[in-house]
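The values are calculated or read from the model by the stated rules, or taken from the named source; none is laboratory data. Bear in mind the structure is a predicted one, so any value in this text is a computation, not a measurement. Note: ideal-geometry Cβ built from the backbone for every residue, glycine included; neighbour counts use all protein chains shown.
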Amino acid sequence: MKFNRNDNCWCGSGLKYKKCHLAFDEKIDSFRQKGFPVPRHELLKSQKDIDGIKKSGTLTSKLLDGLNDIIKPGITTDEIDTWVYEQTIVHGATPAPLNYKGFPKSCCTSLNDVVCHGIPDDTVLKDGDIINVDITCIIDGYYGDSCRMYTLGSPSKDALKLIDVAKECLNKGIDAVQAWRPVSDIGKAIQKVAHKHNYGVVEMFGGHGVGNAFHEEPFIYHYERKEKQMIMVPGMVFTIEPMINIGTPHCEILDDDWTAVTADGSLSAQWEHTLLVTENGAEILTQ
Ligand code: MF3
Ligand code: CO
Ligand code: CO
């Protein structure tokens, strides 16, 4: 799309294009000419969008905090789900997973060898388990998506190390968020950490644009790929959510069509944040 210099800017500022986003668009175009995918304007969030995503992301984070007092040996994953549902509603929000493409619950609970998309049920948590809970709140149509790991009693040293390394993978991925660099930097940074420990990086699932919908462009690979990937432009919002396995990166999907488990039965861990690209790196919107 081409705009004239004296038109009103597409961003809604009321300024003339030449005084507002013309230079910005020229910069984007220079990457397009070098063969990189670049975001459409619709992917760049307004200040109103960012404030909205931050509001729902803050609630998501609060609920994840609250789970520290809820998750104890003896509790079922259904009880976690009920708490998440009730707290989401009490705060005037909607749980995005509920009925999303047929998902039956309000959060994902992924236990031990479950990689992601575990469905809460009557499974009783016991000492030594590790579990991921993934929450996405919607407020005023804005989505905030984040997940964390929780431990029950005393998990093995191997399990605790996996959880730590997976968190470092997320943190190094966040550090790789730099405006005007391709999103492929993120997967490269994550893979480097995981492979140092001989862990598998799950390839079947990735991060994703988020904010005005649950899953938007771009797809964020958590492992290294050679092709030219989308340039990170200030105003983009996406998740980073590496799933790291002690063994093989390969997954299988159970008969419920949702639950992803490691193909070799090894433990899996995941951490996720929703991030805004700024001129000075990432701003975390889910904390
Ligand atoms: N929150 C998950 C993610 O990080 C998506 C869950 S989809 C659901 O992308 F339907 F399982 F909830
Ligand atoms: Co996500
Ligand atoms: Co999530």
> Filtering the range 202-224 down to residues that are within 13 Å of Gln270 (Cβ to Cβ) and surrounded by fewer than 20 Cβ atoms within 10 Å (Cβ to Cβ), which residue is nearest to ligand 3 (Cβ to nearest atom)?
Replying inline: Phe205
> Within the set of pairs 6 or more residues apart or between chains, which connect a residue that is under 17 Å from Ile220 (Cβ atoms) and part of a helix (DSSP H, G or I) inside the range 158-170 to a residue that is at pLDDT 95 or above and polar (S, T, N, Q) with Cβ atoms less than 8 Å apart?
Replying inline: Ala166/Gln270
> Counting only residues that are out of contact with any Gly (no Cβ under 9 Å at 6 or more places or on another chain) and among the hydrophobic types (A, V, I, L, M, F, W, C), which one in the range 262-274 is farthest from ligand 2 (Cβ to nearest atom)?
Replying inline: Ala269
> Of all residues in the range 139-148 being within 13 Å of ligand 2 (Cβ to nearest atom) and not charged (D, E, K, R), which is surrounded by the most Cβ atoms within 10 Å (Cβ to Cβ)?
Replying inline: Gly144
> Among Ile190, Ile186, which is the only one that is at negative phi, assigned to a helix (DSSP H, G or I) and within 14 Å of ligand 2 (Cβ to nearest atom)?
Replying inline: Ile186
>> Filter the range 83-105 down to the residues that are buried (at least 21 other Cβ atoms within 10 Å of the Cβ) and either among the basic types (Lys, Arg) or at pLDDT below 95 (or both) and list them by number.
In response: Lys105
>> For the range 75-115, which positions are under 13 Å from Thr60 (Cα atoms), within 16 Å of ligand 1 (Cβ to nearest atom), assigned to a helix (DSSP H, G or I) and among the β-branched types (Val, Ile, Thr)?
In response: Val84, Thr88
>> So, in the range 1-26, how many residues would count as being surrounded by 15 or more Cβ atoms within 10 Å (Cβ to Cβ) and in a helix (DSSP H, G or I)?
In response: 4
>> Looking only at the range 211-248, count every residue that is touching a helix residue (DSSP H, G or I) at 6+ places or on another chain (Cβ under 9 Å) and more than 16 Å from ligand 2 (Cβ to nearest atom) and tell me the total.
In response: 15
> Would the range 196-205 turn up any residue that is in contact with a Pro (Cβ under 9 Å, 6 or more places away or on another chain) and closer than 20 Å to Ile50 by Cα?
Replying inline: no
